[in-house]
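Below is one structure, written out as structure tokens; the observations come after it.
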Amino acid sequence: MPEEDLVELKFRLYDGTDIGPIRYSSASTVAMLKERIVAEWPKDKKIVPKSATDVKLISAGKILENSKTVGQCREPFGDLPGGVITMHVVVQPSLAKTKTEKKVDDSPRKSVCSCSIL
């Protein structure tokens, strides 16, 4: 693989620690990056993603779509000679899981009026 086709990325976690820097092909997709992040996630962290769907990548202030390639995500930066691009990692549990948990937590609540008229 030609040297100019590689992009050096590091991933900043919620507590300020990093995974990387690691070199990726410009043709690598965001979904592939997420899989690698989940595989290399430090075991000593309190928050751990269960799958790649729990991970959101943010670069240049935008949440990256799984279908985008690293080359497409790099465009706002142009060519940084020898530069490492930092992407922020946000762990967000899948929506289906949180909906199920909310259904379990819903219990009938009594409405009590505590108005006082003087």
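Taking one equal scatterer on every alpha-carbon of segment 1-56, how large is log10 of I(q)/I(0) by Debye at q = 0.30 1/Å? At q = 0.30 Å⁻¹ the computed log10 ratios are -1.35.
Can you tell me the order of 32-39, 14-21 when each peptide is scored by its average per-residue count of other Cβ atoms within 10 angstrom, highest first?
32-39, 14-21
Quick note: the coordinates plus some simple rules give every number you see, no bench work behind them. Quick caveat, the model's predicted, so the values are computed rather than measured. Every residue, glycine as well, gets a Cβ built from its backbone with ideal geometry; the counts of neighbours run over all protein chains shown.
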